[in-house]
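The numbers here are math on the coordinates, done by the rules we state, and not lab data. None of the values given here were measured: they were computed from a predicted structure. Glycine also receives a Cβ, built like all others from the backbone with ideal geometry; neighbour counts cover every protein chain displayed.
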Amino acid sequence: MSITYIFSYLLLYNVIAFSRSKYHSFGKIVGGRFAKKYEFPFVVSIQLPEENHICGGIVFSLIIVVSSCHCAGTFIGKTFTYFDSRIIVIVAGSVDRTPSEDNQTRKVRQVIRHPRCSDSGQGWEYDYSLFILNRALATTPGYIRTIPLYSSDIAKIGDFLLSVEKHGTPCQAVGWGYQNVSGNGIYVNKSTLLKAIKVRLIAKRECKAILCTDPSKYCILDKRNLLCGIGHGGDTCSGDSGGPLICQGYLAGITSWGPECGEYGKTPTIYASVDGLMQFPFLTSGTIVRSFRFGNFLITHAFIVYILILYNKYNY
């Protein structure tokens, strides 16, 4: 085992273990309910060796998993350092994140963060990343499928999110995070089975008012590409990052960060909004690109992956 490999593993482990001292970047579901089999076939577990779940992910295409930027690496000073993709494993196809006949495992070819991803010290901005798999997931009815999207038009997605917020439409967040709070910000009993909680989106003004009161110290709230949600019967916070926020059956956001994990009542969790994800360079150009026609040519996700890799190679 190389020194680089060992360093990457230790870096990733320590970032996960100690990131909570600033704010809870790696979410969990405390409370909530266990997901039904086949209920969320687009959710995957991002793991280190030996079944160590670190983040959730979302099947955007059969070769691209979407997650949070902070699940892809960390800032050391002003420099973003990627975690070694060679030690990351994607587990898909089952509510149980441990190896079984139901799930599929894939290694990661490359990880690409959003170029504007940043850690402000009070939460993440543009908290998006892409995990490019070494080979495509197999299409298995009921077990694995891509996440449903409300529209291929970004403006319509924005209108949809505003409507959900305005009418208090129930949403759901899902993940495999910790289930219990033992005190002093320590969380225990990481779930092996996928869990879900109900979430209600709230207006940015209301969200900021809550975050600016004690004991929170997160008054800076970037209004772009962020959603605020309050859990009902549970909370997301630290292992659930990168997992989906689902509203009316569609992807609404990606679990990002929160100052607390339900210890102080109705404290919001911040989600990276799906309309921001749709503006990820080369993933879209005004509309969503899973595959599309350009003249007489069919542009597939494989071509998009190739462009993404070239983009990443020459821009970082």
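Taking all Cα pairs closer than 8 Å and separated by 6 or more residues, the relative contact order of region 24-178 comes to 28 percent.
Database remark: amide H of ARG113 closer than 5 angstrom to the amide H of LEU130 (H placed geometrically; neighbours at sequence offset of 5 or more, or on other chains; Pro and chain starts carry no H).
On full extension, the segment bounded by ALA203 and PHE34 gains 58.0 nm, given 0.36 nm per residue less the C-alpha separation. In this calculation the C-beta distance from THR79 to LYS190 is compared with R0 = 25 Å, giving a FRET efficiency of 0.25. Neighbour counts of C-beta atoms inside 10 Å place ARG33, ARG205, ARG200 in the sequence ARG205, ARG33, ARG200, starting with the fewest. Length available on full extension from LYS166 to GLN279: 0.36 nm per residue minus the Cα-Cα distance, which gives 38.3 nm. The C-alpha radius of gyration of region 83-183, expressed as a fraction of 2.2 N^0.38 Å, stands at 1.36. Across the cross-link table entries LYS37/LYS107; LYS36/LYS208; LYS36/LYS190; LYS156/LYS208; LYS78/LYS156, which are compared at the Cα atoms, the separations over 30 Å belong to LYS36/LYS208; LYS78/LYS156.
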